[in-house]
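Below is one structure; the comments refer to it alone.
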Amino acid sequence: MSVSLGQFKEKRDWMLWLILIVILLVALVVIGYIGFYNGLVRSRNWTDEAWSQIDVQLKRRNDLIPNLVETVKGYAQHEQATLTQVIAKRNQLTQVPSSDHQQKMAASNQLSAALKSIFALSESYPDLKANQQFGQLMTELTTTENKIAYARQLYNSSAVNYNNKIQTFPGNVIAPAHNFQKINYLATPETEKQAPKVSF
């Protein structure tokens with residue numbers, strides 16, 4: 001009788017250890033799952049924050065454009081088509097929903113191209129080029145364009161990090177269960193990829 005009681009205790013101890021190991025494994029899996037899920041949320045939030053930085057700079061540029069156009073109007077009365085095009089591109093950009101990143105950047109790229117034509121006007125109008133307000137606006141717009149370029153780079157880096165997490169294991173298992181979607185990168189327009197032609 002004492003032998004079978006000892007076997008029973010040994011079996012019970014073994015079962016308790018087994019249950020404890022299973023509980024520990026389940027706890028580790030749950031903690032790992034929660035940690036990875038939180039990491040996905042943080043990565044997505046960093047990407048959203050990077051986009052908001054682009055949006056801030058786009059708004060800043062949009063706010064500077066009316067002042068620039070008014071300044072140019074006083075000097076370049078014959079360039080109404082150029083000014084109208086810049087205003088039209090600006091208005092087009094403000095109509096794009098902030099959630100449509102690709103369309104927003106496409107409209108922004110068109111506005112940047114239109115702004116280059118205003119920058120070129122200063123070469124044809126020396127008085128405009130000498131205008132202090134025009135020079136200050138040009139400097140602010142150039143700085144803003146640089147900030148937009150940097151913010152685009154940050155957004156794409158954040159998107160790469162996020163996409164890597166949702167496309168590799170265990171993210172490719174966890175992400176679909178919680179509706180984490182791939183984020184598209186902001187592409188450089190084809191016209192900007194072409195090498196400039198230089199002639200002597």
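Is it true that some residue in the range 17-38 is touching a His at 6+ places or on another chain (Cβ under 7 Å) and at pLDDT 95 or above?
Checking the range 17-38: at least one residue is touching a His at 6+ places or on another chain (Cβ under 7 Å) and at pLDDT 95 or above.
Of everything in the range 99-152, what is among the β-branched types (V, I, T) and over 22 Å from D55 (Cα atoms)? Give them in sequence order.
Selection gives I118 alone.
From the set of residues in the range 38-61 that are more than 12 Å from the chain's Cα centre (by Cα) and surrounded by fewer than 17 Cβ atoms within 10 Å (Cβ to Cβ), which is nearest to M138 (Cα to Cα)?
Step by step, filter the range 38-61, then rank; the result is R60.
Every residue, every condition in (1) closer than 30 Å to S158 by Cα; (2) out of contact with any Pro (no Cβ under 6 Å at 6 or more places or on another chain); (3) touching a residue at least 60 places away in the same chain (Cβ under 8 Å), yes or no:
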| position | (1), (2), (3) |
| --- | --- |
| K11 | no, yes, no |
| V22 | no, yes, no |
| N38 | yes, yes, no |
| L58 | yes, yes, yes |
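Do you know which of the residues in the range 105-156 that are surrounded by fewer than 19 Cβ atoms within 10 Å (Cβ to Cβ) and of a type in the set (K, R) is modelled with the highest pLDDT?
Selected residue: K147.
Mind listing just one residue for me: the one in the range 69-88 that is of a type in the set (S, T, Y) and without any contact (Cβ under 8 Å) to a residue 40 or more places away in the chain and, of those, surrounded by the most Cβ atoms within 10 Å (Cβ to Cβ)?
Filtering the range 69-88 for residues that are of a type in the set (S, T, Y) and without any contact (Cβ under 8 Å) to a residue 40 or more places away in the chain, the one surrounded by the most Cβ atoms within 10 Å (Cβ to Cβ) comes out as T82.
Is the range 19-27 home to any residue that is closer than 25 Å to Q167 by Cα and of a type in the set (V, I, T)?
Looking for residues that are closer than 25 Å to Q167 by Cα and of a type in the set (V, I, T), one finds at least one in the range 19-27, hence yes.
Within the range 162-178, does at least one residue satisfy the condition of being modelled with pLDDT of 95 or more, closer than 18 Å to Q53 by Cβ, of a type outside the set (K, R) and not in a loop (DSSP other than H, G, I, E, B)?
For the range 162-178, residues modelled with pLDDT of 95 or more, closer than 18 Å to Q53 by Cβ, of a type outside the set (K, R) and not in a loop (DSSP other than H, G, I, E, B): present.
If you scan the range 144-183, which residues turn out to be in contact (Cβ under 8 Å) with a residue 40 or more places away in the chain, of a type in the set (V, I, T) and more than 11 Å from L40 (Cα to Cα)?
Scanning the range 144-183 gives T144, I148, I183.
The values are calculated or read from the model by the stated rules, or taken from the named source; none is laboratory data. None of the values given here were measured: they were computed from a predicted structure. So basically every Cβ, Gly included, is an ideal-geometry build from the backbone, and we count neighbours across all protein chains shown.
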